[in-house]
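Accompanying notes for the structure given below.
The values are calculated or read from the model by the stated rules, or taken from the named source; none is laboratory data. Treat the numbers as computed from the prediction; the structure is a model and nothing was measured. As a convention, Cβ positions derive from the backbone with ideal geometry for all residues, glycine included, and neighbour counts pool all protein chains shown.
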């Protein structure tokens with residue numbers, strides 16, 4: 001009798017079926033299940049509610065839940081597709097799918113553009129680029145003179161802003177990345193190819209479910 | 001030679017963009 005209900009597994013709010021997520025991403029079903037193990041770990045590190053909060057994301061990235069970072073904030077916001085302040089499992093898998101080595105390059109290019117379009121105006125503005133350079137320097141304890149920063153930003157802008165309107169649009173970005181492919185190197189996580197090796201405990205969970 | 005650096009290349013080295021740390025146990 002009780003057996004029917006014993007297979008009830010506690011799922012996070014926002015949990016989605018691995019088969020569905022696998023059909024929409026480069027992951028296989030077992031890789032999505034492995035990602036669920038990672039997700040459970042990340043989403044219970046501070047607040048045990050099955051959702052990844054900003055502090056938990058920061059803790060995973062920096063081993064410090066209070067360490068704020070402009071880029072980590074942007075990544076978090078892009079993963080949080082529903083904009084409700086937390087990352088749900090489906091959002092986590094779909095977003096990480098973009099970082100899969102087999103994901104379309106166009107998706108990676110578009111994601112990087114959104115990341116750098118800080119104020120979501122549809123363009124990367126000169127001010128935004130400068131703000132990001134300053135944030136990086138600050139994070140790395142590097143000091144460059146105002147002149148050098150201006151030179152770096154201007155030079156990059158001159159190369160990327162081909163129509164010279166003072167902002168980089170998605171087409172210009174695409175073109176710029178095709179000339180400088182290393183710019184989206186960080187949009188690929190080789191780890192994602194071996195995710196079932198990295199988080200093998202899903203096998204155990206699957207067996208528990210199947211045993212019913 | 002920072003002057004010849006591409007700003008986006010520089011930015012991409014941010015620790016906040018290094019998501020591989022999410023997979024560290």
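Here are the numbers for the structure shown:
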quantity	calculated
Selection within the range A:59-70 - under 14 Å from residue A:41 (Cα atoms) and either more than 9 Å from every other protein chain (Cβ to nearest Cβ) or in contact (Cβ under 8 Å) with a residue 40 or more places away in the chain (or both)	A:59
Residues of the range A:35-55 that turn out to be assigned to a helix (DSSP H, G or I) and touching a helix residue (DSSP H, G or I) at 6+ places or on another chain (Cβ under 6 Å), as a count	5
Where residue A:142 falls short, out of the listed (1) under 18 Å from residue B:9 (Cα atoms); (2) modelled with pLDDT under 95; (3) outside any loop (DSSP other than H, G, I, E, B)	(3)
Options A:157, A:176, A:79, A:89; residue that is within 13 Å of chain B (Cβ to nearest Cβ), surrounded by 12 or more Cβ atoms within 10 Å (Cβ to Cβ) and within 17 Å of residue B:19 (Cβ to Cβ)	A:79
Hits in the range A:95-124 - residues which are within 13 Å of another protein chain (Cβ to nearest Cβ) and without any contact (Cβ under 8 Å) to a residue 12 or more places away in the chain	A:117
Subset of the range A:125-142 [surrounded by 12 or more Cβ atoms within 10 Å (Cβ to Cβ) and either more than 9 Å from every other protein chain (Cβ to nearest Cβ) or farther than 24 Å from residue A:80 by Cβ (or both)]	A:125, A:126, A:127, A:128, A:130, A:131, A:133, A:134, A:137, A:138, A:140
Pair list, Cβ under 7 Å, 6 or more apart: chain B residue more than 7 Å from chain A (Cβ to nearest Cβ) and more than 26 Å from residue A:149 (Cα to Cα), other residue assigned to a helix (DSSP H, G or I) and modelled with pLDDT of 90 or more	none
Residue that is surrounded by the fewest Cβ atoms within 10 Å (Cβ to Cβ) [pool: residues in the range B:15-25 that are in a loop (DSSP other than H, G, I, E, B) and either modelled with pLDDT of 95 or more or over 12 Å from the mean Cα position of the chain (by Cα) (or both)]	B:25
Hey, residue A:130 in contact (Cβ under 8 Å) with a residue 12 or more places away in the chain, closer than 20 Å to residue A:26 by Cβ and in contact with a helix residue (DSSP H, G or I) (Cβ under 8 Å, 6 or more places away or on another chain) or not	no
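A quick yes/no check of all residues on (1) assigned to a loop (DSSP other than H, G, I, E, B); (2) at pLDDT 95 or above; (3) in contact with a helix residue (DSSP H, G or I) (Cβ under 7 Å, 6 or more places away or on another chain):
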position: A:15; (1), (2), (3): yes, no, yes
position: A:21; (1), (2), (3): no, yes, yes
position: A:33; (1), (2), (3): no, no, yes
position: A:57; (1), (2), (3): no, yes, yes
position: A:83; (1), (2), (3): yes, yes, no
position: A:114; (1), (2), (3): no, yes, yes
position: A:118; (1), (2), (3): yes, yes, yes
